[in-house]
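Every number in this text was worked out from the coordinates using simple rules, so none of it is lab data. Just so it is clear, the structure is predicted and the values come from calculations on it, not from any experiment. Heads up, the Cβs are rebuilt from the backbone with ideal geometry, glycines too, and the neighbour counts pull from every protein chain shown.
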Amino acid sequence: MRCPNCGDTDTEVVDSRPTDGGQAVRRRRECRGCSLRFTTYERLEWQTLQVRKRDGAVEPFDRDKLLDGVRRATEKRPVSEDEVHRVVDEVEAELQDREDQVVDTEEIGELVTDRLRELDEVAYLRFVSVYREFTDASQFAEEIEEMEGEAE
Ligand SMILES: [Zn+2]
């Protein structure tokens, strides 16, 4: 942390305590160059990832919807719930890493299909065939349900 007085980067934390009911940490720092004491706050930054749907509408990323879609695609397949969560975790982490906080729904679909392809061929095909047509994960879940209904 650079000193606001002399610009020295050599500053020392002399006191650190939670504040805002534990939502932030307040730190007193002292510059080793000019001895100025100043305060910094550390807070959790909530990244609100936005998803741009095919019709152009933008809505907040919904992890549960994605989870549901992946779960449906892997239903009755040798893919564990842990693996389903891992796929979603990895996709979410990759999306959060991007500078652009608005992602196209197709991009999310691509990230999921890349992972499903490695996990299970049938789950991959199910996901691709439906996700490419529908951009909304809940629509996807419904469609899978219908497909399975027809197969029986
Ligand atoms: Zn200083």
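Among residues other than His85 whose Cβ falls under 13 Å from its Cβ, what is the net charge (Lys/Arg +1, Asp/Glu -1)? Show your work: numbers first, answer last.
On the way: positive: Arg63, Arg71, Arg86, Arg115; negative: Asp64, Asp68, Glu81, Asp82, Glu83, Asp89, Glu90, Glu92.
Taking every other residue near His85 into account, the sum is -4.
Within the set of other residues whose C-beta is less than 13 Å from the C-beta of Arg26, count the net charge using Lys and Arg as +1 and Asp and Glu as -1.
Neighbour charge sum, excluding Arg26 itself: +3.
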